[in-house]
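Any read-out appearing in this document is the output of simple, stated calculations on the displayed coordinates, not a laboratory observation. These figures come from a predicted structure and were not determined experimentally. All Cβ positions, glycine included, derive from the backbone under ideal geometry; neighbour counts span all protein chains shown.
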Amino acid sequence: MAYEKLLLKNAGRENSHTIDVSLKAGGYEALKKALKGMTPEALLEEVKASGLRGRGGAGFPTGMKWSFLPKTRDKPRYLCVNADESEPGTFKDRLLIERDPHLVLEGIILSSFAIDCHTAFFYIRGEFQKGCRIFEQAVAEAYQKGFLGKNILGSGYDLDVLVYRGAGAYICGEETALLESLEGKRGLPRIKPPFPAIVGLYGCPTIINNVETLANVPFIVERGAAWFAGIGRPKNTGPKLFCLSGHVKKPGVFEAPLGIPFLELLNEHAGGMLHPDRPLKAAVPGGSSMKILPANRCEVLLDFDSLAAAGTMLGSAGGMVMDSGTCMVGALLNLAEFYEHESCGQCTPCREGTGWFTKILHRLETGHGRKEDPDLLIDVARRVEGNTICPFGEAIAWPVQSYVAEFKSEFDDHVTKGACPFGGAAAKR
Amino acid sequence: MSDAAATLPVSVETDRKIDALLTKYPRRSSALLPALYAVQEEHGWISEEAMDYVAGKIGVSPAFVAGVVSFYTMYHRKPVGKHHIQVCRTLSCMLRGSFQVMARFKEKLGIDVGQVTPDGRFSLQYVECLGACDTAPCAQVNDADVPLLDATKVDEMLARLK
């Protein structure tokens, strides 16, 4: 049976970002249903029962996250939508924001209702300037139609949505750095606990959810948790947006149930490899922070648990494909430079470690590597991993560990040959 | 214009815009990032004088504002070109040729990364993953996304922007 598109069902239509097109396609029906006939508690239970797991990277169960909020109501509660999509290889939230902002907005309103929140923030990556304009327009349209503001659709429920632009910092996608940034500060991650559900924005209970996560909520409300849980695989339920880029014929965002085989995504959705004479060498299934899989281990299913079992993670589903012409030292150098640039500098292992990675990889790529360099990379990675406030440390330690482990001979070749066998393009920028 | 307005490092419109931001969020401190954008929108960059002014509006120290400005890549601490070109350098774009795209820009404009052309029309910068890897190699020129670049498209784009 052909898979019915949900998240992208509206995204291909002309003017899909406008409220008129959204309403014609069934937009805000779930909101009407929930505000008429559901209590916030019932909505929360429905999301819990659906098995929805966060689409931002960690795959944490959304309903369970919401239930961590304190029962008391002595402080306001906030929902912060993480639209700071910055993980290299990831561009799915951008598509939702630009092509179906009202689906996202409906998810935000429903989720705010479920957690009894009356002010939601949409923290959007500064570089997403087009997306920001479109989303602000969508918010204005929703106010006009009475889907936002006071007494929404006569239900007595009030909600304001504030759009907040980031200003260029990968780290602000980390949830506590995002809160710091929203408070008007440098985006330095906070020590947890306390978790944001208890002490979050302005010291108040706060839930932070990814854009795509919230875009699933209208479907759960409309068709029920059991229906949603029937999509995908056990404990890995629902539709998912998968990004694929790099050496593929048709890079893009593809919607499929969680658990689609990686090779199906590559060959059927993304049109296969870019150059027919250059076969697959390696792929990162989940975004640049995740461990790499060499071609002979790419027969994997794309869901949280299958990829964890394969020794990597689904992450933000930002898949990157590399063909036989790719230098793995160069690819890792490129990522190390990214992480060195984006480290917030708060924790010494990350601030210094990322610099060490860049320096070592640069000398390897330019033919000045030393015999002990591959081991040195592993050693530095071990000192970074687990020794930082936020998961940024792992986000660079894991690629370093896996690229060196999987392609050790290629690293050694750079030393013995005294040059990059692929021409060293990554060091020539 | 009043004397107070005459000494402002921003226009009266920008000053009013920032006043409105001060009460837009549950806490005044949140107005800092948008206030800096408002200043940059008017001047194209954020001078030390402007940082002092914003610090006064928000009620934080100038050093605090300078810390925030220097943390985020999108705030310019010196003037950039009329057309600020940012080429994505991260993995998916590199795999599809972003370094060659940058080489073409450098050759055509006669400047290096981080420089502004003498006439002030163009500035060139690398940027980390723009989240548009399906259009790799890509770039951003001011607030516009430029997809699927190659040498020919670089030439066409520069001819159009002149």
Rounded to one decimal in nm, the spacing of the 7 Å Cα→Cβ label points at residue A:409 and residue A:4 is 5.0 nm
By how many nm would the segment from residue A:267 to residue A:192 grow when fully extended, if each residue of separation counts as 0.36 nm and the alpha-carbon distance is taken off? 22.9 nm
What ³J(HN,Hα) values, in whole Hz, does the Karplus curve 6.51 cos²θ - 1.76 cosθ + 1.60 give for region A:283-294 when θ = phi - 60°, with x put for Gly and Pro? 9, 9, x, x, x, 4, 7, 8, 5, 7, 10, x
Average partner chain C-beta neighbours within 10 Å, per residue of B:70-78? 5
Subtract the Cα-Cα distance of residue A:227 and residue A:74 from 0.36 nm times their separation in residues, and report this length gain in nm to one decimal. 51.4 nm
Assigned charges on the beta-carbon of Lys, Arg, Asp, Glu; the protein assembly as shown dipole about Cα centre (debye): 320 debye
What the Cα atoms of region A:236-323 span along the principal axes, largest first and in whole Å, is 36, 23, 19
Using a Förster radius of 41 Å, what is the FRET efficiency between residue A:25 and residue B:13 based on their Cβ-Cβ separation? Nearest 0.05, please. 0.55
Roughly what % antiparallel, to the nearest 5, for the DSSP beta bridges in region A:236-323? 80 percent
With Cβ to Cβ distances under 15 Å as the rule, what net charge do the other residues near residue A:233 carry (K, R +1; D, E -1)? 0
Chain A: calculated mean residue ellipticity at 222 nm from DSSP helix runs of at least 4, using -39500 (n - 2.57): -12000 deg cm²/dmol
If each residue of separation counts as 0.36 nm, what is the full-extension length gain between residue A:130 and residue A:45 once their alpha-carbon separation is subtracted? 27.1 nm
Assigned charges on the beta-carbon of Lys, Arg, Asp, Glu; region B:83-161 dipole about Cα centre (debye): 140 debye
Given backbone amide H placed at 1.01 Å from N, residues whose amide H is under 5 Å from that of residue B:145, ignoring those fewer than 5 places away on the same chain, are none
Hey, how many Å between the Cα centroid of region A:1-45 and the Cα centroid of region A:162-238? 20 Å
So who's got an amide H within less than 5 Å of the one on residue A:82, skipping anything under 5 residues away but keeping other chains? H placed 1.01 Å off N, in plane. A:209, A:210, A:211
Only counting other Cβ atoms within 10 Å, I'd like B:90, A:416 sorted with the fewest neighbours first. A:416, B:90
From the residues A:362, A:396, A:407, which one has its Cα farthest along the dipole of region A:328-427 in the positive direction, the dipole being from +1 and -1 charges on Cβ of Lys/Arg and Asp/Glu about the Cα centre? A:362
Folded to 0 to 90 degrees: helix A:328-342 orientation relative to chain A principal axis, Cα: 50 degrees
Using every pair of alpha-carbon atoms in region A:19-229, split the distances into 10 Å bins beginning at 0 and state the percent of pairs per bin, rounded to integers. 9, 38, 40, 14, 0
Between residue A:158 and residue A:64, what FRET efficiency comes out of the Förster formula 1/(1 + (r/R0)^6) with R0 = 35 Å and r the beta carbon distance, rounded to 0.05? 0.85
Separation between Cα centres of region B:148-162 and region B:63-140, rounded to whole Å: 15 Å
May I ask you to derive the FRET efficiency for residue B:23 and residue A:277 from their Cβ-Cβ distance with R0 = 60 Å, giving the value to the nearest 0.05? 0.45
More than 43 Å apart: what percent of Cα pairs in the protein assembly as shown qualify? 19 percent
Expected sort for A:128-134, A:350-356 on mean C-beta neighbours within 10 Å, highest first, is A:350-356, A:128-134
Residue-ordered couplings for region A:228-233, obtained by feeding phi - 60° into the Karplus form 6.51 cos²θ - 1.76 cosθ + 1.60 and rounding to whole Hz (Gly and Pro as x), are 4, 5, x, 8, x, 10
So for region B:83-161: antiparallel DSSP bridges make up what percent, rounded to the nearest 5? 55 percent
Sequence-distant residues sharing a close amide H with residue A:231 (under 5 Å, placed H): A:238
Which is farthest toward the positive dipole end of region A:284-384 among A:376, A:330, A:287, measuring Cα position about the Cα centre, with Cβ charges +1 (Lys, Arg) and -1 (Asp, Glu)? A:376
Please report, in debye to the nearest 20, how large the charge dipole of chain B is about its Cα centre when each Lys and Arg carries +1 at its beta carbon and each Asp and Glu carries -1 there. 240 debye
In region B:83-161, with Lys and Arg counted as +1 and Asp and Glu as -1 at Cβ, which of these residues, B:147, B:90, B:102, has the Cα nearest the positive end of the dipole, that is, farthest along it? B:102
